[in-house]
Amino acid sequence: MARNRDPFTQALTSLRERIHSGTLSGGAPIIVQDEAERLKLSTTPVREALARLSGEGLVERASSGGYVAIRLDATAARDRYAMHAYCVRVALELTQDALGPLRPPLPPLASAEPVMAVGRLFETLVCSAGNGVLWDAFEKVCGQLDVLRRLEPCLFQDLNQEAAELYAAYADVVDGRFQVAAARYHDRRIGAAGALAALVCGGERTNRSQASV
């Protein structure tokens, strides 16, 4: 059977996308039976998908049993951006130790999609560090940040310029320039964590309102 037709993959992909888009509201219970009926699957692949998403930090076990979608309040948003910054900083130190002034090749800069372009830049750096534990932590926090990143264009109007500056700093061999640019990138998001979390909550309320119509 083709991989994209596999029930587990189907359930995992659908649930992950619904969490990232905010369709599954933070803190809301995820009913296994309801999701299985929606996807026309048995409950087994849905349970397996939720267990995987729990490991990714996108859902968590409810005190009463079952799962709830992760709630991204201001504190959670701030902490996740801070963790992302830490992974990037450690990766940069590791690549400098291994390569000196050299850095892995830059991925293409897609100016029409600055959030994705910057994401690929950081992914390239962390992946090239060659530390599996660091990569796992980075991949996990990126998944948790996806819903926030989708809303960054609503708050920041200079994302194309920011992406261009990060790429230019990365390509520059001047010591410390990229560290400064990356720190500035993360600091502004940590400072705006409350506003980004509020945008997530606003989108969740809209989704709930539309679902009830």
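The values are calculated or read from the model by the stated rules, or taken from the named source; none is laboratory data. Just so it is clear, the model here is predicted, and its values are computed rather than measured. Don't worry about glycine lacking a Cβ; one is built from the backbone with ideal geometry, like all the others, and counts go over all protein chains shown.
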Problem - Residue check for VAL147: at pLDDT below 95, within 19 Å of the chain's Cα centre (by Cα), among the β-branched types (Val, Ile, Thr) and under 15 Å from ALA182 (Cα atoms) - result: no
Practice task
Tell me, please, whether a residue that is in the same structural domain as ARG177 (by TED's automatic domain parsing) and without any contact (Cβ under 8 Å) to a residue 24 or more places away in the chain can be found in the range 79-90.
Solution key: yes
Practice task
Looking only at the range 38-59, count how many residues are touching a Ser or Thr at 6+ places or on another chain (Cβ under 9 Å) and either in a strand (DSSP E or B) or surrounded by fewer than 19 Cβ atoms within 10 Å (Cβ to Cβ) (or both).
Solution key: 2
Exercise for the section: Identify, from the list THR95, THR43, THR13, THR9, the residue that is free of Cβ contacts under 8 Å to residues at least 40 places away in the same chain, out of contact with any Leu (no Cβ under 6 Å at 6 or more places or on another chain) and in the same structural domain as ILE190 (by TED's automatic domain parsing). Expected result: THR95
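For (1) closer than 20 Å to LEU199 by Cα; (2) without any contact (Cβ under 8 Å) to a residue 24 or more places away in the chain, each residue gets a yes or a no:
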site	(1), (2)
GLU17	yes, yes
SER21	yes, no
GLY27	yes, no
GLN33	no, yes
THR75	yes, no
